[in-house]
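Structure record follows, encoded as structure tokens.
Every read-out reported here was derived from the displayed coordinates using simple, explicitly stated rules and does not represent laboratory data. Worth saying up front: this structure is predicted, and the values here are computed from it rather than measured. Positions of Cβ are generated from backbone atoms using ideal geometry, with glycine treated the same way; all protein chains shown enter the neighbour counts.
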């Protein structure tokens, strides 16, 4: 037998053994006290239970099965076996492929039907040690706004929540280097960050800004007191990297050195290159980022979390949360090591941060502070309400904090229901050959770029280059010059055609007349492309890059249709067909406005209003024609001109 799907399997018969056999089969056993991998197939599958007793899960349902029972597992439904007993659970699985059943299962799972009625979309708060650069925008912020707008255009409630991470060590480091206070830097930069997001068309529902929240310090201390009361939290003497010259504990932004896993330059506590956590003293040649002097060591009395004691519950959470492949792979690496999960510092010895009541010189670790801020925001905005999905956009480099530290804190506080249901990652957008970096000054600041370009153009250009599942780059000259994008150019060309089309019908949208096969198939296409776009909005398949490229193909198809149909205008014998063609082109513009709005909100709204439609652009399951006689606008200028 071999191990697969986290159980033991032995192949039986299949078409490879007997020519024409319409099924395959395996013998399987789930050892006592184990659970098989949660997974799906496109095949139909039946379990015949030979021995033992276990829970078999399918979708949201679990049933206890025993010897002699048979169950059928439907295509594309998640299933698993949980054996809580003391005996092995033995089955024979018979599986087969039936294309019509597969097609029917896909039809029942249209992307839009799987999206919840309410979604809280979170982005990690930005560190206010500087402004936002284009790398920040291309990562979580514009992508999260794109998703939020798309959900709203479907009539669903979607809230976008982010803010600033005021107590990060990088703020204190920036203050030390500039000769000012961390509080003053965070105050100035926080407002700059929020203003930049607004200028980029990122529409926030709420902003978590600790220095503006009078209750933040007390609330965090109350939660820390609850954490400290747990048996998994202890007071410990911790060997800590230290700089005597600067009199600072060397952790996170205060320190750097070589990562002993991938050899890249890394900050203390995390390596951005490989995502593996560390302690500063474990780095190769650790040093202080203020004076560049080598690190020494000292003993610090601090509160620590025994994360390994929570490992089983953390892994159980990660088994069910939706993730993109890169974060799933890194999460498996982080939680499956033979040495277990390392102890994590709940408190740090520093001057900047939320001071811990009764513990002089100690502040709450910035990432624990961030976890508590997230949990409060999720609770405040109804994260525990049924049919509310919580999605978190994050950089892959911060995976450890969101798949280990955040779940650990939530578990200790009994707030697991507030954890994200889906994690959507980004990697780095490089400027030229190196990543954008606030601390190193290698950046094109979003504020400056937005001054010389309209927000829709920047959004389209950055979403096209979104660093999803890979590192992407933007040439230095392209980022610093007047930005452009082929999607923006294609929309501008369609605008020019629309003005001509509207003039030919006296700016009154016609109803349909006679239909041709080309008309029918174009209408079918408009509905099918909408479903394709919906499909790349699902958390586990989310892709802003794919969304933008599908919009490219939509505009190309619309333009090809219009060009091919232009001859109808001059043929009186096809006047009825010409009317249908014109109505379809206005309908295509309606669909374009709604589908474009998440990427280019100003342009989408302009097209929608020009068509005589009210409110913000709305997606439809099946596009309905604009009522005949509706008056459209006479002028349609390019966004930002």
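Annotations
- Burial order of peptide ranges 309-321, 45-57 (average beta-carbon count within 10 Å, highest first): 45-57, 309-321
- Antiparallel content of DSSP bridges confined to the chain, in %, to 5: 75
- Per-residue extension of 0.36 nm, minus the Cα-Cα distance of residue 38 and residue 237, leaves a gain of 67.6 nm for this segment.
- Mean separation of Cα contacts under 8 Å, 6 or more apart, over the residue count of the range 486-610: relative contact order %: 33
- Residues in the range 57-82 reached by a label modelled at residue 46 [backbone nitrogen below 14 Å; 7 Å Cα→Cβ]: 68-74
- 623, 597 arranged by Cβ crowding within 10 Å, fewest neighbours leading: 623, 597
- Residue 297-residue 380 pseudo-label distance in nm [points 7 Å out on the Cα-to-Cβ vector]: 4.1
- Average Cα contact separation per residue, the range 289-381, under 8 Å, 6 or more apart, as relative contact order %: 26
- Summary of packing: across the peptides 60-73, 537-550, 458-471, the per-residue average of other C-beta atoms within 10 Å ranks them, highest first, as 458-471, 537-550, 60-73.
- The calculated FRET efficiency for residue 107 paired with residue 319, based on their beta-carbon distance and R0 = 30 Å, is about 0.60.
- Rounded FRET efficiency, nearest 0.05, which uses the C-beta distance separating residue 634 from residue 274 and R0 of 45 Å: 0.20
- Principal axis analysis of the Cα atoms in the range 361-492 yields extents of 51, 41, 27 Å, listed in decreasing size.
- Take each peptide in 76-88, 229-241, 144-156, count the other Cβ atoms within 10 Å of every residue, and average; sorted highest first, the result is 144-156, 76-88, 229-241.
- Cα-Cα separations in the chain greater than 51 Å, expressed as whole percent: 20
- Kirkwood estimate for the range 358-409, i.e. one over the average of 1/r between Cα atoms, Å: 12.6
- Over the range 486-610, all Cα pairs binned in 10 Å intervals from 0 give whole-percent P(r) values of 12, 44, 32, 10, 2, 0, listed from short to long.
- Placing pseudo-labels 7 Å out from each Cα toward the beta carbon at residue 616 and residue 486 gives an inter-label distance of 3.0 nm.
- Spin-label model, residue 61/residue 157: points 7 Å from Cα along the beta carbon direction are separated by 3.0 nm.
- Full extension of the chain between residue 212 and residue 15 yields a length gain of 64.2 nm, computed as 0.36 nm times the residue separation minus the alpha carbon distance.
- In this structure, residue 265 and residue 199 have a Cβ-Cβ separation that, at R0 = 25 Å, corresponds to a calculated FRET efficiency of about 0.20.
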